[in-house]
1. Would you list Ile68, Ile50 from fewest to most Cβ contacts within 10 Å?
2. Return one quarter of the surface area of the convex hull spanned by the alpha-carbon atoms of the chain, equal to its mean projected area, in nm².
3. What value, in deg cm²/dmol to 500, does the helix sum -39500 (n - 2.57) over DSSP H runs of n ≥ 4 give at 222 nm once divided by the residues of the chain?
4. Taking the Cα atoms only, what angle lies between the long axis of helix 59-70 and the longest principal axis of the chain, rounded to 10 degrees?
5. About the Cα centre, and with charges only on the beta carbon of Lys, Arg (+1) and Asp, Glu (-1), how big is the dipole of the chain? Nearest 20 debye, please.
6. Rounding to the nearest 10 and keeping the result within 0 to 90°, find how far the Cα-based axis of helix 9-24 lies from the longest principal axis of the chain.
7. Just add up the charged neighbours of Leu40: K/R +1, D/E -1, any other residue whose Cβ is under 15 Å from the Cβ of Leu40.
8. What is the extension gain from Tyr22 to Glu52, computed as 0.36 nm multiplied by their sequence separation minus the C-alpha to C-alpha distance, in nm to one decimal?
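Nothing in this text is a laboratory measurement; each read-out follows from the coordinates by a stated rule. From a predicted model like this one, the values you see are computed outputs, not experimental measurements. Because the Cβ atoms are built from the backbone with ideal geometry, glycine has one as well, and the counts that use them run over all protein chains shown.
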Amino acid sequence: MGLGHEKFDVYRLSIGYAAWVYEKTDSLTGARRRARDQWLRASQSIPLNIAEGNGKTAQADRRRYFEIARG
């Protein structure tokens, strides 16, 4: 049984984007490590905000999280 956010196209796309970022950041080392870490965290925050926002019951809370995810 899937959770509600898993049916959203944008959620599935954001998971794919996070996976793509992981592949691309393998080559970022040394001085670029901080940029890599931030890019990884940012890519993870998109699907996490969608999932968290979908779990909110108050409409204002849901809207706030979806706006965060949308950027």
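1. Details: Ile68 15, Ile50 24.
Ranked by crowding around the Cβ, least crowded first: Ile68, Ile50.
2. Working: hull surface 21.3 nm².
Approximately 5.3 nm², given one-decimal rounding.
3. On the way: 3 runs with 51 residues, N = 71.
Computed mean residue ellipticity for the chain: -24000 deg cm²/dmol.
4. It works out to around 20 degrees.
5. On the way: 13 positive and 8 negative charges, 47 e Å.
Computed charge dipole of the chain: roughly 220 debye.
6. 10 degrees
7. Numbers: positive: Lys24, Arg32, Arg33, Arg34, Arg36, Arg41; negative: Glu23, Asp26, Asp37.
So the environment of Leu40 carries a net charge of +3.
8. Details: separation 30, 0.36 × 30 = 10.80 nm, distance 2.19 nm.
That works out to 8.6 nm of additional length.
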